[in-house]
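Q: Handing you this structure, nothing more for now.
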Amino acid sequence: MLDSDKLYGLIGDRIRQIRETQTPRMSQGDLARILGLQRTSVTNIELGKQKPTVDTLLRLCEHFALEIDAIVPKLHEISLVQARSVVVGGKAQEVGAKTANLLSSLRPSSRDRR
């Protein structure tokens with residue numbers, strides 16, 4: 001399951017970093033003009049309060065010659081599911097919490113082994 005707040009927070013942080021690393025430093029108004037947005041929209045996107053459209057993200061990538069993965073985080077960075085280690089076939093494996101719980105329920109309990 002995705003953590004939408006974290007997703008848009010990370011996207012906003014990355015957009016702000018891209019804008020601020022320009023020489024000379026680019027203002028939110030300048031970026032807004034490039035993207036065809038209002039300055040307040042850029043502010044809200046950078047704060048994670050507004051969801052940028054795919055079109056906006058691609059315009060940003062086009063202007064700065066970036067790939068989309070420079071802006072959109074990897075799935076594991078925004079997942080609510082925490083990986084858990086389980087032993088399968090004698091080897092430790094990282095799996096999601098649901099899978100770990102399912103595997104635990106399939107193991108015989110100590111009472112069943114008597």
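Each reported figure results from applying straightforward, stated rules to the coordinates on display, with no laboratory input. The model shown is predicted, which means the values in this text are computed figures rather than measured ones. Positions of Cβ are generated from backbone atoms using ideal geometry, with glycine treated the same way; all protein chains shown enter the neighbour counts.
Q: Per residue of segment 40-52, in order, report the coupling 6.51 cos²θ - 1.76 cosθ + 1.60 (Karplus, θ = phi - 60°) as ³J(HN,Hα) in whole Hz, putting x for Gly and Pro.
A: Ordered by residue, 3J(HN,Hα) equals 5, 5, 4, 4, 5, 5, 5, 7, x, 8, 10, 8, x Hz.
Q: Can you compute the label reach from LEU58? Point 7 Å from Cα along the Cβ direction, backbone N cut-off under 18 Å, restricted to segment 13-47.
A: 34-37
Q: Evaluate the relative contact order of segment 1-71 (contact order divided by residue number), counting alpha-carbon pairs under 8 angstrom at least 6 apart; express in whole percent.
A: Computed over segment 1-71, the figure is 34 percent.
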